[in-house]
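J.: I have a structure I would like to understand better, so I am pasting it below and will then ask my questions one at a time.
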Amino acid sequence: MARSTFDYVTYIRVTPERLWQALTDASITQQYWFGMRSESRWAVGSSWQLSFPDGRACDTGEIVEAEPLRRLAIRWQNVVNPEFEAEGAGQCTMELETSGPAVKLTLTHSVDCERSKYIAAASGVWPKVLANLKSLLESGSVVLESY
Amino acid sequence: MARSTCVYVTYIRTTPEKLWSALTDPKFTEQYWFGMRSESPWKAGSPWKLVTAAGEVLDSGEIVESDPPRRLVIRWQNQWNPELKAEGVSLCTMELEPHGTAVKLTVTHSIERDGSKFIVSVSGGWPKVISNLKSLLETGSVVLQDYERKH
């Protein structure tokens with residue numbers, strides 16, 4: 001099937017436990033994700049939502065896989081941009097692997113649609129979010145305050 | 001024409017001048033590039049090489065564009081792996097753009113052929129090298145000491 005995919009790999013000087021917490025605790029995600037809260041109970045089948053600071057949903061979906069400290073897969077649907085929403089739900093997978101004193105984080109975000117505009121947009125956002133996440137965990141502060 | 005490309009973007013809390021120096025000073029590159037020295041006079045047309053501490057040349061080529069502290073383009077050919085060397089010359093572009101209190105670094109590495117094994121290889125290498133560079137500039141130390149091929 002035709003598919004658009006964004007892949008990104010980064011290495012972060014942190015433990016898998018702290019990285020997992022940073023990905024799944026909304027009070028931490030809002031620090032590096034430009035105020036966005038990633039909210040779920042993080043069990044397979046449970047609902048998931050990425051919320052703006054005022055509580056409105058930006059993206060919604062459900063947890064497809066959750067293997068704490070190792071792997072998270074989220075069914076991910078944008079709900080604020082009609083053009084993105086029309087492309088249908090995609091999937092975002094985050095894999096954590098220990099690499100010496102660091103953790104390798106591999107993020108794969110795809111939509112089953114050729115030349116997806118949503119994936120093109122996400123490709124610009126993920127490097128900012130993950131650069132902030134790495135800086136926050138390694139130095140205690142983010143690199144970009146605003147998007 | 002068929003082409004294989006790898007693009008890697010990150011944002012580093014530093015100045016364009018410091019980042020340019022980190023990319024072009026071999027004493028700096030060996031700290032985050034797993035002991036490798038990136039050596040050149042950094043003028044358009046001048047030779048370039050990536051060498052190990054023992055002096056072995058891993059990759060070589062020439063500077064196509066050099067616009068400090070904004071843009072660097074290198075003609076880049078693998079020298080240590082016969083299969084990768086046989087793919088010919090690739091082009092590596094590094095762009096530095098101020099972004100608030102940070103610098104956006106974009107590395108684009110491409111070769112004019114489909115299914116390039118060289119580009120697959122550098123796609124695994126760049127995230128390690130650039131993660132180390134970001135950690136070194138922001139915290140004073142790298143994140144990975146060794147280049148573990150399995151990762």
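J.: Amide H neighbours of residue B:58 under 5 Å, at least 5 residues apart or on other chains, H built in the peptide plane: list them.
T.: Those lying under 5 Å, H to H, from residue B:58 are B:50, B:51, B:52.
J.: When B:67, B:25 are ordered from fewest to most other Cβ atoms inside 10 Å of their Cβ, what list results?
T.: Neighbour counts put them in this order, fewest first: B:67, B:25.
J.: To make sure I understand the rule: partners must be aspartates and glutamates, Cα under 13 Å from the Cα of residue B:104, and not fewer than 8 residues away in the same chain. Which ones qualify?
T.: List returned: B:17, B:95.
J.: Also, I was wondering about something else. Which value, in Å³ per residue, describes the convex hull spanned by the Cα atoms of the protein assembly as shown?
T.: Numbers: hull volume 41.3 nm³, N = 298.
Per-residue hull volume (Cα only) is 138 Å³.
J.: Charges only on Cβ, +1 for Lys and Arg, -1 for Asp and Glu: so what's the dipole of segment A:4-139 about the Cα centre, in debye to the nearest 20?
T.: Dipole size: approximately 380 debye.
J.: Write out the trypsin sites (Lys or Arg not before Pro) in segment A:1-73 meeting two conditions: DSSP loop, and at most 16 other Cβ atoms within 10 Å of their Cβ.
T.: A:3, A:41, A:56, A:70
J.: Separate question: Going down the table (A:134/B:18; A:104/B:134; A:134/B:117), which pairs top 23 Å between alpha carbons?
T.: The pairs that break the limit, which is 23 Å between Cα atoms, are A:134/B:117.
J.: Another question about this same structure. Please give the calculated 222 nm ellipticity per residue for chain B, where each DSSP H segment of at least 4 residues contributes -39500 (n - 2.57) and the sum is spread over every residue; nearest 500 deg cm²/dmol?
T.: -8500 deg cm²/dmol
J.: Would you please name the trypsin sites (Lys or Arg not before Pro) within segment B:1-68 that are DSSP coil residues with at most 13 other C-beta atoms within 10 Å of their C-beta?
T.: B:3, B:43
J.: Let me ask something else. If amide hydrogens are placed 1.01 Å from N in the peptide plane, which non-local residues have theirs closer than 5 Å to the one on residue A:48?
T.: The list, which skips near neighbours in sequence, is A:61, A:62, A:63.
J.: Same structure again: ³J(HN,Hα) across segment B:85-100 via Karplus (A = 6.51, B = -1.76, C = 1.60, θ = phi - 60°), whole Hz, x for Gly/Pro?
T.: Those phi angles translate into 4, 5, 6, x, 8, 9, 10, 10, 10, 10, 10, 10, 10, x, 9, x Hz.
J.: Hey, which aspartates and glutamates would be in cross-link range of residue A:117, C-alpha to C-alpha under 20 Å, not counting anything within fewer than 8 residues on its own chain?
T.: In chain and number order, the partners are A:7, A:59, A:83, A:85, A:87.
J.: Out of the GluC sites (Glu not before Pro) in segment B:49-126, which ones are loop residues according to DSSP with at most 13 other C-beta atoms within 10 Å?
T.: B:56
J.: For residue B:99, what residues show an amide H to amide H distance below 5 Å, using hydrogens built from the backbone and excluding near sequence neighbours?
T.: Long-range HN contacts for residue B:99: B:104.
J.: Name the residue, out of B:89, B:64, B:120, whose mean-square fluctuation peaks in a Gaussian network model built on chain B with Cα pairs under 10 Å.
T.: So, out of B:89, B:64, B:120, the one fluctuating most is B:120.
J.: Under 1.5 on a/c is rounded, so check that first for segment B:3-151, then, if it is not, pick prolate when a/b is larger than b/c and oblate when it is not; a ≥ b ≥ c are the square roots of the alpha carbon gyration tensor eigenvalues.
T.: Rounded, because the longest to shortest axis ratio a/c is under 1.5.
J.: Work out from phi, with θ = phi - 60° and the Karplus expression 6.51 cos²θ - 1.76 cosθ + 1.60, the ³J(HN,Hα) of each residue of segment A:61-74, listed in order in whole Hz, and give x for Gly and Pro.
T.: Values per residue, Gly and Pro as x: x, 8, 7, 8, 9, 9, 10, x, 6, 10, 7, 9, 10, 10 Hz.
J.: Please label the shape of segment B:1-40 as rounded, prolate or oblate, based on the square roots a ≥ b ≥ c of the eigenvalues of the alpha-carbon gyration tensor (a/c under 1.5 means rounded; beyond that, a/b larger than b/c means prolate, else oblate). Show your work: numbers first, answer last.
T.: Values: a/c = 2.29, a/b = 1.43, b/c = 1.59.
Oblate, since a/c reaches 1.5 and b/c is not below a/b.
A short reminder: the numbers here are calculations on the coordinates, not readings from a lab. Not measured: the values here are computed from a predicted model. As a convention, Cβ positions derive from the backbone with ideal geometry for all residues, glycine included, and neighbour counts pool all protein chains shown.
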